[in-house]
Amino acid sequence: MAGEFCCNYAALCMTLTIKEKIEQLRDTIRYHDRRYYLENNPEITDYEYDQLIQELQHLEKTHPDLITADSPTQRVGGEPLTQFATIDHKIPMLSIDNTYSDKELKEFDQRIKRMAGIDTHRDIEYVVELKIDGVAVTLWFEKGLFVRGATRGDGFKGDDVTANLRTIRQIPLKLESPDRRQKIPSVLEIRGEIYLPNKEFQRLNDDREEAGEPQFANPRNAAAGTLKLLDPRITAKRRLCIFAYAIGYFEELELTTHRDCLEMLRGFGLPVNPHTRLCENIEKVIQYCKDWDKRRSELDYMVDGMVIKVNSLALHGRLGATSKAPRWVISYKYQPEQAITKLEEIDIQVGKTGTITPVANLTPVLLAGTTVSRATLHNFEEICRKDIRVGDYVVVQKAGEIIPQVVSVLKEKRTGKERIFHEPATCPECKSTVSKDGVYLRCHNPLCLSQAKRRIQYFASRHAMDIEGFGPALVEQLVDKGFLKDYADIYYLKFDDLVNLERMGEKSASNVMHAVEESKNRDLDRLICALGISNVGFHTAEVLANHFDSLDTLANATQEELEEIYEIGPVVAESIVDFFRNEHTRDIIEKLKAGGVNTKKLVSQKFVKNPKVAGKSFVITGTLQKYSRDEAEALIKNSGGRLISSVSKKTDYLVVGEDPGSKLDKARELNVHILDEEAFEKMIK
Ligand code: IVH
């Protein structure tokens, strides 16, 4: 008895210490998150931070019962969603009326005084904030914990994007109260703007260009697109940010000014824009708005105006709202930043899949803080529609866009020497006839060198085979000199081919040779990604590598087999089948193999965990008692198993819950192993 007591007591002490240790680690991580993401002033290196996270992950793994939803390890949870749920906003998310001049701002000030019965000579205090050009969201906290978040939608109903919002490190999963003066309310709804910093936008677009994927037109579209991704693991990689600017519904709070609200939010650990200012009257507001019009290009995020809010919350109540917008707030919108310059030439680019696009080559001009010498012309129809000619003076603009665009032509500046640009009938690189694909032109020649260059660049790029030093300039030279015709040729390059190239010494040449050699051992997911199959980016490549154990098994898969894989739809399946059916592709794959490139899943593949489950195919039917369908699927996938939607003779196991469907009969007929819930649990554990 005593012994048993001792054991239990010791166990209790152990759990306590581990629990405490876990809590301590979480607090430390939250503290460093705050230093890094809110104060921009990290105290420890990324490496040290990762060590803390790893230690916490390790402790939580050995004590899964101690995992809580607000743990910093729980930002990227589960599996991709199939669609977003809809959330009703408890308080509608209204929009804001716009103004464009001092006059309109003064009218706004007068209107408010009139409506609130305030003497027109008295001053009203305003809080002036930057108008962040992003996506509005609402965040719902209960007892200090982040429980839900949604987009604005139509103002009354939005999409539940909680899983994506949880990946944003600036959003605390648990509100802080550092000075303990401010009690955390039991319910608090916070409104704010999600945005993508310009640098991050640039990085994302560079990656997309490298991967041959369409680029985002501006940071707002990129932020919106990222927030609406169904797979939070991808969202997590894109580093969205947020500025909190208001509260929505709340309980148990006593606040008198908007400024107090912002201070409270800041205290809770949310980022509030540092350039927010309290102005004592409308004249000061106007001055502050004008100051920022000149300064906004200094910021690392897009700002399309200023938001002016009455400071007194009592006045908010008195003023109320129209059906469209509250009466106590207005925005002062900036004109998009524009400049005039000469269009010197129209260049033509050929993408990895043969898309041909025009690009304007400009006399360099300063625009919104950066020198611009190229601008997108989108497509050839646009050149025609805007009547853009080579030699024209054009207006270029960055309207929330990082990539400038040609807005219009100054026809009055024409001298008669301008040249009308004709859509090319042939590919500028290989001279083969091009055809129309919607508004785009496309070169269909599989041997086109321009496409080959893009494909080889992509093959060697960071997300694909990651061959260090094998950048666009090197590929350009190697293709032009005839050393490379396709990406498999990389593995047949000789030291002498490299060493004589421009800007290449013996050291660089041997580094490249070494990097090429090293890339032969990349795992299957990278190789699949590198092949450049249409509609197969690195995430889909990962899904495929998780399912097939070698490139050969993938190459031999039928459309039906591919479609059975979770996350692979008919369009992607068709692209894959088409790709491997092509004789040219098959030759290249043989060449890759002969060149020594690994085409099999390596033993280290991260998903091979549970040997009883790994590589086996599962179908689920009926309702399980202990697991939801999503949970059961996640368990199988995380253990390296494959999920199939229908039973065939290749199915390894049918997991049967209550009220099974016809799948059970089929499985019996085909002699497929049948697992009840207990047997499934035993196997999975
Ligand atoms: S306040 C009821 N403050 O601008 C007032 N909005 O054009 C709620 N926005 O939907 C909005 N920065 O997405 C507010 N500092 C700021 C803002 C801001 C950007 C966005 C917000 C809103 C849109 C209206």
Could you check, for the range 285-292, whether at least one of its residues is under 30 Å from the mean Cα position of the chain (by Cα) and either over 30 Å from Trp140 (Cα atoms) or crowded, with 20+ Cβ neighbours inside 10 Å (or both)?
yes
The residue that is farthest from the ligand (Cβ to nearest atom), considering only those in the range 302-323 that are closer than 17 Å to Glu280 by Cα and in a strand (DSSP E or B), is Ser312
Kindly provide the set of residues from the range 240-254 that are modelled with pLDDT of 90 or more and either on the phi > 0 side of the Ramachandran plot or not hydroxyl-bearing (Ser, Thr, Tyr) (or both), ordered by number.
Leu240, Cys241, Ile242, Phe243, Ala244, Ala246, Ile247, Gly248, Phe250
Any residue in the range 235-247 that's hydroxyl-bearing (Ser, Thr, Tyr): show its pairings with residues that are assigned to a loop (DSSP other than H, G, I, E, B) and more than 14 Å from the ligand (Cβ to nearest atom) at Cβ separation under 9 Å, as long as the two are six or more apart or on different chains.
Thr235/Val76; Thr235/Val161; Thr235/Thr167; Thr235/Ile168; Thr235/Leu229
Scan the range 134-182 for residues that are within 14 Å of the ligand (Cβ to nearest atom), part of a loop (DSSP other than H, G, I, E, B) and buried (at least 19 other Cβ atoms within 10 Å of the Cβ) and report the count.
2
With the condition kept exactly as written, say whether any residue in the range 630-653 is assigned to a loop (DSSP other than H, G, I, E, B), touching a helix residue (DSSP H, G or I) at 6+ places or on another chain (Cβ under 9 Å) and over 28 Å from Glu542 (Cα atoms).
no
Counting only residues that are without any contact (Cβ under 8 Å) to a residue 24 or more places away in the chain, give me the helices (runs of 4 or more DSSP H) lying completely in the range 459-563 with at least 2 of them.
472-480, 495-499, 506-519, 538-547, 559-563
Please go through the range 78-95 and pick out each residue that is more than 14 Å from the ligand (Cβ to nearest atom), among the polar types (S, T, N, Q) and in a loop (DSSP other than H, G, I, E, B).
Thr82, Gln83
Please give the strands (runs of 3 or more DSSP E) falling wholly within the range 350-430 in which 3 or more residues are out of contact with any strand residue (DSSP E or B) (no Cβ under 9 Å at 6 or more places or on another chain) and at pLDDT below 95.
none
Odd one out for Asp293, checked against (1) in a loop (DSSP other than H, G, I, E, B); (2) within 16 Å of the ligand (Cβ to nearest atom)
(1)
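What about Gly77, is it of a type outside the set (Lys, Arg), at pLDDT below 90 and surrounded by 13 or more Cβ atoms within 10 Å (Cβ to Cβ)?
When the stated conditions are applied, Gly77 passes them.
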Of all residues being part of a loop (DSSP other than H, G, I, E, B) and within 30 Å of Leu175 (Cβ to Cβ) in the range 106-133, which is nearest to the ligand (Cβ to nearest atom)? Just the residue, please.
Asp133
Could you check, for the range 189-211, whether at least one of its residues is under 27 Å from Cys529 (Cβ atoms), at pLDDT 90 or above, within 16 Å of the ligand (Cβ to nearest atom) and in a loop (DSSP other than H, G, I, E, B)?
yes
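Quickly run through the range 82-91 and pick out the residues that are in contact with a Phe, Trp or Tyr (Cβ under 9 Å, 6 or more places away or on another chain) and buried (at least 16 other Cβ atoms within 10 Å of the Cβ). So that I can check it myself, show each step before the final result.
First pass over the range 82-91, keeping only residues in contact with a Phe, Trp or Tyr (Cβ under 9 Å, 6 or more places away or on another chain): 87-91.
Scanning the range 82-91 gives Ile87, His89.
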Quick check on my filter: what residues within the range 293-329 are of a type in the set (Gly, Ala, Ser) and surrounded by 13 or more Cβ atoms within 10 Å (Cβ to Cβ)?
Ser297, Gly305, Ser312, Ala321, Ala325
Among Arg35, Arg122, which is touching a Pro at 6+ places or on another chain (Cβ under 7 Å), surrounded by fewer than 16 Cβ atoms within 10 Å (Cβ to Cβ) and free of Cβ contacts under 8 Å to residues at least 24 places away in the same chain?
Arg35
All but one of (1) more than 17 Å from Ala244 (Cβ to Cβ); (2) of a type outside the set (A, V, I, L, M, F, W, C); (3) within 11 Å of the ligand (Cβ to nearest atom) hold for Tyr288; state the number of the condition that does not hold.
(3)
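With respect to Val272, determine if the residue is part of a loop (DSSP other than H, G, I, E, B) and among the β-branched types (Val, Ile, Thr).
Judged against the criteria, Val272 is a match.
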Taking interchain pairs and intrachain pairs at least six residues apart, which have beta carbon atoms under 7 angstrom, with the first residue in the range 382-404 and small (Gly, Ala, Ser) and the second modelled with pLDDT under 90?
Ala399/Pro336; Gly400/Asn218
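Only residues that are in a strand (DSSP E or B), more than 10 Å from the ligand (Cβ to nearest atom) and not aromatic (Phe, Trp, Tyr): list them for the range 331-344, please.
Listed by number, the residues that qualify are Glu337, Gln338, Ala339, Ile340, Thr341, Lys342, Leu343, Glu344.
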If a residue must be part of a loop (DSSP other than H, G, I, E, B), closer than 13 Å to Thr623 by Cα and either free of Cβ contacts under 8 Å to residues at least 12 places away in the same chain or acidic (Asp, Glu) (or both), how many such residues does the range 655-675 contain?
1
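The values are calculated or read from the model by the stated rules, or taken from the named source; none is laboratory data. No experiment lies behind these values; they were computed from the predicted model shown. Note: ideal-geometry Cβ built from the backbone for every residue, glycine included; neighbour counts use all protein chains shown.
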